[in-house]
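Each value in this text was obtained by applying a stated rule to the coordinates, not by laboratory testing. Everything quoted here is computed from the prediction, not taken from an experiment. In this analysis, Cβ positions are derived from the backbone assuming ideal geometry, glycine residues included, and neighbour counts consider all displayed protein chains.
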Amino acid sequence: MVKLWTMKNLFNTSPRLPFYVLAIGIYLIIVCQDLLSNGMFLDGLIYSTVAKNLANGIGTFWNPHFSATLLQNFHEHPPLAMGIQSIFYKIFGESRFADRFYSLLTLLISGIVLIKIWKTLGYKNGWIPLFIWLTTATVFWTSYNNLLENTLTVFTSLSVLFYLKYEENNKFYLILLSGIALAFGFLTKGFVAFFPWTFPFLWWLLRRHKKFGRQVLESTGLFFFTITPLFLLVIFSPIARASLLEYINHQVIDSIKNSITVDSRLDIIKRLLNEIAPAAGMFILLQILRLVTKSGIAIGRENTIKALAFIFLGLTGVFPIMISMKQSGFYILPTYPLFSIGAAILMYSYIDSFTERIDFKSHGFLFFKWIAYAVFFSGIFLSLWYSDGYSRDRDKIRDVYAIISVVPEGSVININPVMYEDWSLHAYFARFKNISLDQDLNNRREYLLIKNENFSDTLNSTYNIVKINTTGYSLLRNK
């Protein structure tokens, strides 16, 4: 007989479930205004547009397409994440929620893999690293902005998990899976995916639990099983080879030589320190409590070694970013599960000793359950409440919606040349209705879009104003 899921069932599950529920609930409260609302960071908006085009047969996997007038052949990044996301458009249609669902799915999978890594290390209370990770600013910001690093985090985390599973049962096929995960990572975001190559060496260096030769064999295997699928791909698929070479020449080499977005190569380190500051503060607070209460609970040598291994592994994903002066804080998103695990291990002894003393049948814990579930469901309710809102570009998005209600799908329209570098304007038109913006006014299109501030009465002789409800733009139509 199938049991109905009731509130009683919900509250009689694992006694540690409320801690997980609270961690997720706090995340939802933090992001509720932005999680399902309209508007997206430019990079994520571009990737969602390319993915939507793929779903509609515009462009191909190895030769993606953004718009007819901008990035017709999109080789800014390898195509795997956008190819996977295109499946969501085929399933859910072109709703903007498809973008959010995909980002949330990558967050969910990454969170599950994080907990699996934690348990493979032999620890309980997986909510500890989960909470640290979910409340890291870059993690919750990227979770609703559709960045490639979301997908990359899944693959790099899986690689670490597969290697730890290999350590657990010594089955070599897990090294194969670890390498293939990194090959998928490369096809998602390029060379930055390879930093987990250092994990077998770091794990051995700090633990010395096996012979050096064995570690070299495992590291070599991980490298081989990463490179071989990629090598076979470029050998036997000329179109894949051409696409990846275009990406390497344009995005990798050019960004190292010419792209500058920060004043110092150390900028990424500053951003990292800002992100991990809350976890560091939690650790310091717990150490103060330990001293004040004279608990005598120590971190322990084994815990320290494991924590250092994950912290050092995270750093190997940060330092290579310093090669280029093109840096953004979200570039190191895949390292945050590792830093979170390292920080959680350092705090584990004290937190675990506290949870072990909890009477899970007490009225106090029952009250805590109610608080945890109240926070969780409040987060869901508020996310739905704000789903009609805007996380950014409110007026621009409203104007774009008004304009695309008139302009046919797939059109190319003229814009004032001074508007050409408004990249998000290109992206919203392309994302919502596959409309491209042409700055060449000599190539006269049916429609012209200009900012209200640039409107001139001389346009009245050749154009009619289309009467639509916009605030920042005017749409004109050839007479």
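Helix content alone sets the calculated 222 nm mean residue ellipticity of the chain: runs of n ≥ 4 DSSP H residues at -39500 (n - 2.57) each, divided across all residues, give -19500 deg cm²/dmol. Coupling constants for region 63-69 follow from the phi torsions by the Karplus curve (6.51 cos²θ - 1.76 cosθ + 1.60, θ = phi - 60°), and in residue order they are 9, x, 9, 9, 8, 6, 10 Hz; glycine and proline get x.
Note on region 394-478: with charges restricted to the Cβ of Lys and Arg (+1) and Asp and Glu (-1), its dipole about the Cα centre is near 280 debye.
Within the straight-line cut-off of under 25 Å between alpha carbons, the lysines reachable from Lys451 are Lys396, Lys433, Lys467, Lys479, sequence neighbours fewer than 8 places apart in one chain being disregarded.
For a modelled paramagnetic label at Asp395, 7 Å from Cα along Cα-to-Cβ, the residues of region 21-40 in reach, with backbone nitrogen under 19 Å, are 38-40.
Segment Ala298..Gln72, full-extension length gain: 75.5 nm, with 0.36 nm per residue of separation and the alpha-carbon distance subtracted. Computing FRET efficiency as 1/(1 + (r/R0)^6) for Ile465 and Asp422, where r is the C-beta to C-beta distance and R0 is 25 Å, gives about 0.75.
Using 15 Å as the cut-off for backbone N distance, which residues of region 171-187 belong to the label zone defined by a point 7 Å from the Cα of Ile91 along Cα→Cβ? Counting only backbone N, you get no residues. Here r is the Cβ-Cβ distance between Ser378 and Asp457 and R0 is 41 Å; the resulting FRET efficiency, rounded to 0.05, is 0.15.
Rounded to the nearest 20, the Cβ-based charge dipole of region 30-106 about its Cα centre (Lys and Arg +1, Asp and Glu -1) stands at 180 debye.
For Lys326, a cut-off of 12 angstrom between C-alpha atoms picks up these aspartates and glutamates, skipping any fewer than 8 places away in its own chain: Asp254, Asp263, Asp267. Simple rule: put +1 on each Lys or Arg Cβ and -1 on each Asp or Glu Cβ in the chain, find the dipole, and look at Asn63, Ser110, Asn454; the Cα lying farthest toward the positive end is Ser110. Each of Lys211 and Asn478 was given a label point 7 Å from its Cα along the Cα-to-Cβ line. The distance between the two points is 7.9 nm.
Candidates Leu187, Ser259, Phe212 compared by Cα position along the dipole of region 159-318: farthest toward the positive end lies Phe212, with charges placed on Cβ. Looking at region 96-199, the chymotrypsin sites (Phe, Trp or Tyr not before Pro) that sit in a DSSP loop and have at most 14 other Cβ atoms within 10 Å of their own Cβ are Phe172. Taking amide H positions as modeled 1.01 Å from N, with prolines and chain starts lacking one, the residues under 5 Å from Asn38 and 5 or more places away or on another chain are Gly389, Tyr390, Ser391. Within straight-line reach of Lys210, meaning a Cα separation under 22 Å, sit the following lysines at least 8 residues removed in sequence or on another chain: Lys119, Lys165, Lys171, Lys306. Between Phe368 and Ser237, the contour length at 0.36 nm per residue exceeds the Cα-Cα span by 41.5 nm.
Counting only DSSP beta bridges whose two residues both lie in the chain, roughly 55 percent are antiparallel. About its Cα centre, the dipole of the chain is roughly 1600 debye, where the only charges are +1 on Lys and Arg Cβ and -1 on Asp and Glu Cβ. For Val412, the residues 5 or more places off, or on other chains, whose built amide H falls under 5 Å of its own are Ser436.
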